[in-house]
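Rule-based calculations on the coordinates, nothing more; no lab input. Treat the numbers as computed from the prediction; the structure is a model and nothing was measured. Cβ atoms come from the backbone with ideal geometry, glycine included; neighbour counts cover every protein chain shown.
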Amino acid sequence: MDTENQFLGTERIGKLMSKYATPCIISLLVGALYNIVDQLFIANASYLGSYGNAANTVVFPLTVVALGIAVFIGDGCCAFVSIALGRNTREDAHNRSVGNAVVLCVVSSLVLTAIYLIFNEPILAMFGGTVNEETHAFAKEYFFYITLGVPFYMFGQAMNSVIRSDGSPKFAMIATVSGAITNVILDPIFIYGFRWGMMGAAVATVIGQVLTAALSIWYLRRMKVIKLEKSSFRLDWKLIPKFLVLGLTSFLAQISLVISMAAVQNMCMKYGAKDPVFGQPEYAQIPLAVLGIVMKFFQIAISIAIGMAAGCIPIAGYNIGAKKKDRAKALFSRLLLAEFIVGAVALVIVEVFPLQIATLFGAANESAYYADFTVKCFRIYLCLMPLATLNKGTFIYLQALGKAFASTAVSMTREIIFGVSLPIILPIFFGLDGLLWSFPAADIMTFIIAVFFIRQTYRELSVPDINTLKEEQ
């Protein structure tokens, strides 16, 4: 009988959310800050400016691919362990599932690194790296060094979820925060002091990722509920699909986001070239650079949304496994309210302070076109943030309940069907403005679908479990 995690079925829902979601939010925010901090320092370095900003935007989706594979393994293992512990089936919950997750993460990260190094030119071109010569040169330099850190980045992100499932969300947070702080300290030294440019930004990031990976390894040797042995690392092809399917939604959410980014960035290049201002060579990189800034702010807000929902995975998984649907329902209600509030606060910020945000990302060093387009981009692109955060919370909570198909369906609809088609269709009629409106249009269409799954989930969680009724009788 497992006693380590029994409090997940008895402790107050609000207290559990605070305990699990807060460290998860901080971890994800700090993870997001790796790229955001790089862009802040790059944007304010006069010898890099908007060219460096655009290069950072080009490489960003490629780091999301690495994150997607990492959460595929890590979140899947986390959900599997949590549900198994709720059912008191320890033999399925620890050792082999976590050991297999470690091996899969290491192997997949090395394969991805090799692919990036071999096919770097066509990959960069796919995400807008050929907008002009300066941007291409900076993107190639930044991408090379970031690629060298992919194995460390993926391992740290995957193990973050595993560590949370072992009941140590605070340590997961500390591991990620330590790496990010290292990055923040080294970025100005390498970029301004040593003048290493894009290489300096990338190397600072990789050093931070190495530290996070090292701390994760340290924890794996001292886990509380899960005890790893040599036999745990022997791949079990019957077990692997059982936990990978639970991480499928996390994976598809990230990968579909990358596909959407590719569509948006290519349309940005295409219709920017037709614009009277941005069609001029000296301003060609501005739309791509600004789009990257807006995406970074969106990443901050959505990291909070994802962190709240991901923090609920062990809680929801345990209570579903323990047949306590009422607690899972109460958790869902609190989560949806919190997601809406986060989106509403983000909306107020982007509508009221867009120019101030633009200034943080080097607007003072650029032409007036840069600041004007940034303000416009923020106010249109992110005008339905409350729906975006609600959608994201719904995707992940469905995953926590073991509803991989429903979760995947909603997520894929948002990022692939709407996230790719609308950025391609709307600019045909409205140019660059159509590209900006494609994002809120996708969110409102996705929310209509998400409402169906929200209502269905409430109905299912309102029906008492048959076994529970028998026990009460």
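Between segment 1-65 and segment 391-451, how many Å separate their Cα centres?
Centre-to-centre (Cα) distance: 21 Å.
Rounded, prolate or oblate: pick one for segment 70-157, where a ≥ b ≥ c are the square roots of the eigenvalues of its C-alpha gyration tensor, a/c under 1.5 means rounded, and failing that, prolate if a/b is larger than b/c, else oblate.
On the way: a/c = 4.32, a/b = 3.20, b/c = 1.35.
Here segment 70-157 falls in the prolate category.
Have a look at LEU48, VAL206, PHE429 and report the one farthest towards the positive end of the charge dipole of the chain, computed about the Cα centre with Cβ charges (Lys/Arg +1, Asp/Glu -1).
Result: VAL206, furthest along the dipole toward the positive end.
Can you give the Rg and Dmax of segment 280-416 based on its C-alpha atoms, in angstrom?
Computed over the Cα atoms of segment 280-416, radius of gyration and Dmax are 18.4, 63 Å.
When the chain is fully extended, how far beyond the present Cα-Cα distance does ILE259 get from PHE144, taking 0.36 nm per residue of separation? Mind showing how you got there, number by number?
Details: separation 115, 0.36 × 115 = 41.40 nm, distance 2.11 nm.
In short, 39.3 nm is gained.
Starting from the exponent 0.38 and prefactor 2.2 Å, build the expected Rg for the chain from its residue count and divide its actual Cα Rg by it. Let's see the in-between values first.
Details: Rg = 22.0 Å, N = 473, 2.2 N^0.38 = 22.8 Å.
The chain yields a ratio of 0.96.
Once you keep just the Cα pairs under 8 angstrom separated by 6 or more residues, what percentage relative contact order results for segment 140-244? Show your work: numbers first, answer last.
Values: 100 pairs, mean separation 37.8, N = 105.
Once divided by the residue count of segment 140-244, the mean separation gives 36 percent.
What length, rounded to one decimal in nm, is gained on full extension from GLN356 through to ILE448, with 0.36 nm per residue of separation minus their alpha-carbon distance? All intermediate terms of the calculation are to be shown ahead of the outcome.
Details: separation 92, 0.36 × 92 = 33.12 nm, distance 3.32 nm.
29.8 nm is the gain from fully extending GLN356 to ILE448.
So what is the 222 nm mean residue ellipticity for the chain from helices alone, if each DSSP H run of at least 4 adds -39500 (n - 2.57) and you divide by all residues, rounding to the nearest 500 deg cm²/dmol?
Working: 19 runs with 373 residues, N = 473.
Estimated from H runs of four or more residues: -27000 deg cm²/dmol.
Is the shape of segment 391-437 best called rounded, prolate or oblate, per the rule: a/c under 1.5 gives rounded, else a/b larger than b/c gives prolate, else oblate, with a ≥ b ≥ c the square roots of the Cα gyration tensor eigenvalues? Walk me through the intermediate numbers first.
Numbers: a/c = 7.02, a/b = 3.20, b/c = 2.19.
Cα axes put segment 391-437 in the prolate bin.
Using a 10 Å Cβ count of at most 16 others and DSSP loop calls, identify the longest part of the chain lacking such chymotrypsin sites (Phe, Trp or Tyr not before Pro). Before the final figure, lay out the partial values.
Working: sites that count: TYR47, PHE119, PHE194, TRP237.
For chymotrypsin sites (Phe, Trp or Tyr not before Pro) (loop position, at most 16 other Cβ atoms within 10 Å), the longest site-free span of the chain is 238-473.
Relative contact order for segment 9-162: what percent, with Cα pairs under 8 Å and sequence separation of 6 or more?
Numbers: 126 pairs, mean separation 51.2, N = 154.
Relative contact order comes out at 33 percent.
Using only C-alpha atoms and all pairs of different ones, pull out the Kirkwood radius for segment 32-181 in Å with one decimal. Write down the numbers at each step before the final one.
Working: mean 1/r = 0.0596 Å⁻¹.
One over the average 1/r among Cα pairs gives 16.8 Å for segment 32-181.
With charges set only on the Cβ (+1 for Lys and Arg, -1 for Asp and Glu), what does the dipole of the chain come to about its Cα centre, in debye to the nearest 20? The partial results should precede the final answer.
Working: 35 positive and 29 negative charges, 324 e Å.
The dipole of the chain has a size of about 1560 debye.
Check the straight Cα-Cα distances from LYS15 and name the lysines below 29 Å, setting aside those fewer than 8 residues away within the same chain.
LYS170, LYS224, LYS227, LYS323, LYS324, LYS325, LYS329, LYS392, LYS403
Per residue of segment 48-54, what does 6.51 cos²θ - 1.76 cosθ + 1.60 with θ = phi - 60° give for ³J(HN,Hα)? Whole Hz please, x for Gly and Pro, Karplus curve as stated.
So the Karplus estimates, Gly and Pro as x, are 10, x, 5, 5, x, 4, 5 Hz.
Restricting to DSSP loop positions (anything but H, G, I, E, B) with no more than 13 other Cβ atoms inside 10 Å of their own Cβ, which trypsin sites (Lys or Arg not before Pro) remain in segment 232-266?
Working: sites: ARG234, LYS238, LYS242; in loops: ARG234, LYS238.
Hits after loop and neighbour filter: ARG234, LYS238.
Defining a contact as two alpha carbons under 8 Å apart and six or more residues distant in sequence, what relative contact order in percent does the chain show?
Working: 788 pairs, mean separation 110.5, N = 473.
About 23 percent, as a whole number.
Kindly provide the trypsin sites (Lys or Arg not before Pro) of segment 91-196 that DSSP labels as loop, not H, G, I, E or B, and whose Cβ sees at most 15 other Cβ atoms within 10 Å. Don't skip to the answer; put the middle values down first.
Details: sites: ARG96, LYS140, ARG164, LYS170, ARG195; in loops: ARG195.
The qualifying sites are ARG195.
Where a ≥ b ≥ c are the square roots of the eigenvalues of the C-alpha gyration tensor, would you call segment 122-192 rounded, which needs a/c under 1.5, or, failing that, prolate if a/b is larger than b/c, or oblate?
Values: a/c = 3.82, a/b = 1.87, b/c = 2.04.
Taking the square roots of the gyration eigenvalues as a ≥ b ≥ c, segment 122-192 is oblate.
Using R₀ = 25 Å, calculate the FRET efficiency as 1/(1 + (r/R₀)^6) where r is the Cβ-Cβ separation of SER333 and ILE300; round to 0.05. Intermediate values should be presented prior to the final figure.
Numbers: r = 25 Å, r/R0 = 1.00.
My answer for the efficiency is 0.50.
DSSP loop GluC sites (Glu not before Pro) in segment 263-354 with at most 13 other Cβ atoms within 10 Å of their Cβ, which ones?
Within segment 263-354, no GluC sites (Glu not before Pro) qualify (loop, at most 13 other Cβ atoms within 10 Å).
What is the helix-to-structure angle for 133-148, meaning the angle in degrees between its Cα long axis and the longest Cα principal axis of the chain, kept from 0 to 90 and rounded to the nearest 10?
30 degrees
For segment 172-320, report the convex hull volume of the alpha-carbon atoms normalised per residue, in Å³, without decimals. Please report the intermediate quantities before stating the final value.
Values: hull volume 26.8 nm³, N = 149.
Expressed per residue, the convex hull around the Cα atoms of segment 172-320 is 180 Å³.
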